Amino acid sequence: MENYEAQLRKLVGAKPLFVPWVWAVVQDQEGRLLVAIKEVGLGLPGWPMEIGEQFQDTVARGLQTFLGLAPEDYRLEKQFATTTQRHIRTSYGEVQTLDIGYLITVTGQIPRNKQGDFTWLYGEKLRQELLSFDQSLPFLQQYLQALPKD
């Protein structure tokens, strides 16, 4: 099945394509932050919205797909009010994203078969890794500034 962004690209051709993108700042109850292992390094897990979804639906779909978490296994703590616009290059062309972030606390167990695409970080190592990943997400800056220093 072709993804939503690829379908849109076919419709609009080379015109600008705007895609709402939801990022998850996922922490556990011990204060560690989950980061996705990506081709370009470490970063936040994030997903494009699909037609008919609310932001919370996108988070639920992403957490289920990425981590195998059901809604009863996490809490949505906060929606970051700051949105950003970024240009990203994808396999279907350049896309401008409209970003929104959520702070999520994992309260359940992540299934063992979902243990390979991410790692947990905390403290200064977390700051260094994520700041090197992406400084254009203001809500990530807000989260990192609130963390206690090692």
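On the beta carbon distance between Val12 and Lys78, with R0 = 41 Å, the FRET formula returns roughly 0.80. Its residues counted as N, the range 1-83 yields a C-alpha radius of gyration over 2.2 N^0.38 Å of 1.23. If R0 is 30 Å, the Cβ-Cβ spacing of Gln56 and Gln109 corresponds to a FRET efficiency of close to 0.85.
Scanning residues 5 or more positions from Phe80 or on other chains, those with amide H under 5 Å from its amide H are Gly101, Tyr102, Leu103, with H placed 1.01 Å from N in the peptide plane. Note that the range 51-68 has calculated 3J(HN,Hα) couplings of 3, x, 7, 8, 4, 5, 5, 5, 4, 4, 4, x, 5, 5, 5, 6, 10, x Hz, one per residue in order, obtained from phi through the Karplus relation 6.51 cos²θ - 1.76 cosθ + 1.60 (θ = phi - 60°); glycine and proline are x. Take the Cα of Gln64, step 7 Å toward its Cβ, do the same at Asn3, and the gap between the two points is 1.8 nm.
All of the numbers you see were taken from the coordinates with simple rules; none came from a lab. Nothing here was measured: the structure is a model prediction, and the numbers come from that model. Quick reminder, even Gly has a Cβ in these numbers, built from the backbone with ideal geometry, and neighbours come from all protein chains shown.
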